[in-house]
Amino acid sequence: MSSYQWIGPRVIHELAKEYRIWRFLQPTSENGIPTRAIWFQTGIILLLLVSGTIQQVMIYSTFLLQAMGTLAVASYLRIPSEGHRFRSPGRPYLQYFFIIFNIFAMGFLFYEKPWESIVGLGILALGAATYFVSTRQ
């Protein structure tokens, strides 16, 4: 939770610059500290703390982070390899292995802890909904 509190408000502040739905979180103090984003992040952390046990919170945040990592690597596969300065070793086989491994890990997690996995998917759906609302504004 402390790492979320450290970097999270800065990410939220930058997000508020790009998307109108989050503009109310953009103001900073006279020292450039994103105070509204810090309070917003504090609210999210408190909501996480009261939403379940530490194990449950870790499981649904792990499920969500696993899904985001998988999507990030999958999106890398859409970049044409010709003329690109960064060459990934074993492309695309290592990336496919990573994606397949993560899908199996998320499937296992969903099988073992379905409620926590559904909560993680719900958080992902909430984020996707706010993204689509903000792109239509």
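The values are calculated or read from the model by the stated rules, or taken from the named source; none is laboratory data. Computed from a predicted model, the values in this text were never measured in an experiment. No Cβ is skipped: glycine too gets one built from the backbone with ideal geometry, and neighbour counts run over all protein chains shown. The area values use the complete protein model at the heavy-atom level, side chains included, leaving out ligands, DNA and RNA. Shrake-Rupley method; radii C 1.70, N 1.55, O 1.52, S 1.80 Å.
Identify the residue in the stretch 28-38 that is free of Cβ contacts under 8 Å to residues at least 24 places away in the same chain and out of contact with any Leu (no Cβ under 9 Å at 6 or more places or on another chain) and, among all such residues, is least open to solvent (accessible area, probe 1.4 Å). So the residue we want is 29. In summary, helices (runs of 4 or more DSSP H) completely within the stretch 46-136 and bearing 3 or more residues that are open to solvent by 50 Å² or more (accessible area, probe 1.4 Å), polar (S, T, N, Q) and at pLDDT below 95 occur at 54-76.
This table checks each residue for (1) of a type in the set (Lys, Arg); (2) out of contact with any helix residue (DSSP H, G or I) (no Cβ under 6 Å at 6 or more places or on another chain).
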site	(1), (2)
9	no, no
12	no, no
16	no, no
21	no, no
28	no, yes
33	no, yes
36	yes, no
42	no, yes
47	no, yes
